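Before any comments, here is the structure.
The values are calculated or read from the model by the stated rules, or taken from the named source; none is laboratory data. As the structure is a computational prediction, the values presented were derived from the model and not from experiment. Ligands, DNA and RNA are stripped out before the accessible areas are found, and what is left, the full protein with its side chains, is counted by its heavy atoms. Shrake-Rupley method; radii C 1.70, N 1.55, O 1.52, S 1.80 Å.
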Amino acid sequence: MPPSARIDSIYRYPVKGLTPEPLQTTALRPGETLLADRRYAIENGPSGFDPAAPQWLSKPHFLMLMRDVWLAGLRTHFDDATNVLTIRHNGEVAAEGDLETAEGRTAIEHFFATSFEGQIKGPPKVLTSPGHSFSDVARKVVSIINLASVRAIENMVGAPVHPLRFRANLYVEGWPAWHEFDLLDRTIAIGDVRLKVVKRIVRCAAVNVDPDTAQRDLAIPQALQRRLGHGDCGIYAEVITGGTISADDTIAAEQPELL
């Protein structure tokens, strides 16, 4: 049997590119992301996204850490009950708005347009569509990072590596480094919840940005390529049986069926 492990922490990202939000407990539904994960994105100039007929678009259409390092200097919070996004900049509340109203979205767009003029390609616009996720991949997934693999990367680069650089949903403790890649096409169990591992995550330059300092100070994908011959860290999984999960829950791989 593969080694069992536990969920160290859970995070969601209500607005693509903005602050991770920790969760102690979350519900998972089949074929869905975590609640409100990547529910919104901020268009960086006209993208052609149609909320009435949403189609997946690649991340360069939106504000994103891979290019817009200054995003890491903002501290944001999304309230599920009111749909209000609060943005703090330099320790002060800089903008607030209900992202489900035109007025609220305009307030957020005005902040980005005026505070970061010259650093964005075109008029910022808050995008959303019911049921759509602005994921980096064209499917609704839960992203998982093995903390032992993060420690292996620290050895490669010779520096501390903040796990939140990888912007995952679930951070797992207890697997050996890189064990997650052995789980491709396997089912993992968290209590009654079942997720199928569907893809390795190819890392981009976003992981080079320190989430605390907003500085691009490492070259992680390049280090992975030099040492391992690929730029992958983490896995995507699809929820196949729903339920509730919490930090400290045991996570284990199920035995593959014998054919």
Practice item. First compute the accessible area of segment 93-249 with a 1.4 Å probe, then give the percent of it belonging to carbon and sulfur atoms. Key: 47
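Which order do D185, D68 take when ranked by solvent-accessible area (1.4 Å probe, heavy atoms of all protein chains), largest first? Present the calculation step by step, with values, prior to reporting the outcome.
Values: D185 105, D68 5 Å².
Largest to smallest exposure gives the sequence D185, D68.
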**Study point:** DSSP bridge orientation in the chain - percent antiparallel, rounded to nearest 5
**Key:** 90
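Dividing the alpha-carbon Rg of segment 41-125 by 2.2 N^0.38 Å yields what? Please list the in-between numbers first.
Details: Rg = 12.9 Å, N = 85, 2.2 N^0.38 = 11.9 Å.
Dividing the Cα radius of gyration by 2.2 N^0.38 Å gives 1.08.
For E96, E173, E117, E21, give the ranking by accessible area with the largest first, probe 1.4 Å.
On the way: E96 105, E173 50, E117 150, E21 15 Å².
Ranked list, largest accessible area first: E117, E96, E173, E21.
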Study note, to complete from the structure: Compactness summary of segment 31-179: radius of gyration and Dmax from Cα atoms, Å, are 17.0, 49
Practice item. Enumerate the amide H contacts of W178 below 5 Å, restricted to partners 5 or more residues apart or on another chain; note that Pro and chain-start residues carry no placed amide H. Key: S149
Practice item. Could you tell me the distance between the Cα centroids of segment 173-231 and segment 112-138, to the nearest Å? Key: 25
Study note, to complete from the structure: Sorted by chain and number, the residues with a modelled amide H under 5 Å from that of A253, at a separation of 5 or more or across chains, are A189
Point to revise | Distance histogram for segment 143-211 (every C-alpha pair counted, 5 angstrom bins, percent rounded to whole numbers) | key: 3, 15, 25, 29, 15, 8, 4, 1
Point to revise | Exposure of D248 as accessible area (Å², to 10), given a probe of 1.4 Å and all protein chains | key: 100
Study note, to complete from the structure: Once normalised by the length of segment 106-259, the mean sequence separation of its alpha carbon contacts under 8 Å that are 6 or more apart gives a contact order in percent of 25
Study note, to complete from the structure: Gyration tensor (Cα only) of the chain to equivalent ellipsoid, semi-axes in Å sorted down, yields 31, 22, 16
Check your understanding: For segment 230-242, what does the Karplus curve 6.51 cos²θ - 1.76 cosθ + 1.60, with θ = phi - 60°, yield as ³J(HN,Hα) per residue in whole Hz, taken in order and with x for Gly and Pro?
Key -> 8, x, 9, 7, x, 9, 9, 9, 9, 6, 10, 9, x
Practice item. Kindly report, to the nearest 10 Å², the accessible surface of W178 as traced by a 1.4 Å probe over protein heavy atoms only. Key: 50
Review point. Roughly how many Å² of Y40 are accessible to a 1.4 Å probe, to the nearest 10?
Key: 0
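Using the heavy atoms of the protein chains and a 1.4 angstrom probe, tell me the accessible area per residue for the chain in square angstrom.
Details: 11810 Å² over 259 residues.
I get 46 Å² per residue for the chain.
Beyond 12 Å, what share of the Cα-Cα pairs of segment 4-57 remains, rounded to the nearest whole percent?
On the way: 1041 of 1431 pairs.
That tail contains 73 percent of the Cα-Cα pairs.
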Revision key, fill the gap. Phi angles of segment 175-183, converted by Karplus (6.51 cos²θ - 1.76 cosθ + 1.60, θ = phi - 60°) into ³J(HN,Hα) in whole Hz with x for Gly and Pro, give 8, x, 4, 6, 4, 4, 5, 6, 8
Check your understanding: 222 nm [θ] for the chain, helices only, -39500 (n - 2.57) per DSSP H run of 4+, per residue, to 500?
Key -> -4000 deg cm²/dmol
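In µm²/s, what is D for segment 204-252 at 4 °C and 1.567 mPa s, where D = kT/(6 pi eta Rh) by Stokes-Einstein and Rh is the Kirkwood radius from Cα pairs? If you can, show how the numbers build up before the last one.
On the way: Rh = 13.9 Å.
Approximately 93 µm²/s, per Stokes-Einstein.
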Check your understanding: Taking amide hydrogens as modeled 1.01 Å from N in the peptide plane, which residues meet the under 5 Å criterion relative to G45, leaving out close sequence neighbours?
Key -> G122, K125
Point to revise | log₁₀ of I(q)/I(0) at q = 0.11 Å⁻¹ - segment 92-225, Debye sum with one point per alpha carbon | key: -0.59
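Restricting to Cα pairs below 8 Å that are 6+ residues apart, what does the relative contact order work out to for the chain? Please round to a whole percent.
On the way: 571 pairs, mean separation 73.0, N = 259.
With pairs under 8 Å counted, the relative contact order is 28 percent.
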